[in-house]
Amino acid sequence: MKITIVPITLLHIENDGFHLMTKGLINGMEASFLIDTGASRTVFDQTGIRNYIGDQTFIENEKLS
């Protein structure tokens, strides 16, 4: 059995809870990830993600989950 340890940082939100942050790799480059345990989808900022994947075509989706 292989065990993977993921270091997580707690970021407090104005006395109303916290976010979880961790670091990882996208195409071999270090990136920071916000973990939203209540989210039903994974999202990326289009401007930021282009630094990792280049000039790709994106499909916009305004659908609420």
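The values are calculated or read from the model by the stated rules, or taken from the named source; none is laboratory data. Note that the structure is a prediction, hence the values are computed from the model and not measured. Using ideal geometry, Cβ is built from the backbone for each residue, glycine included, and neighbour counts are taken over all protein chains shown. For the accessible areas, the whole protein counts, side chains as well, though only heavy atoms, and no ligand, DNA or RNA atoms are used. Shrake-Rupley method; radii C 1.70, N 1.55, O 1.52, S 1.80 Å.
A few remarks follow.
- Relative to the Cα centre, the charge distribution of the chain, modelled as +1 at Lys and Arg Cβ and -1 at Asp and Glu Cβ, gives a dipole magnitude of about 340 debye.
- Separation of region 1-34 from region 43-59 is 20 Å, based on Cα centroids.
- Note that the chain presents 96 Å² accessible area per residue, ligands and nucleic acids not counted, probe 1.4 Å.
- Stokes-Einstein diffusion for the chain at 37 °C, viscosity 0.692 mPa s, with a Kirkwood radius from C-alpha pairs, works out to 227 µm²/s.
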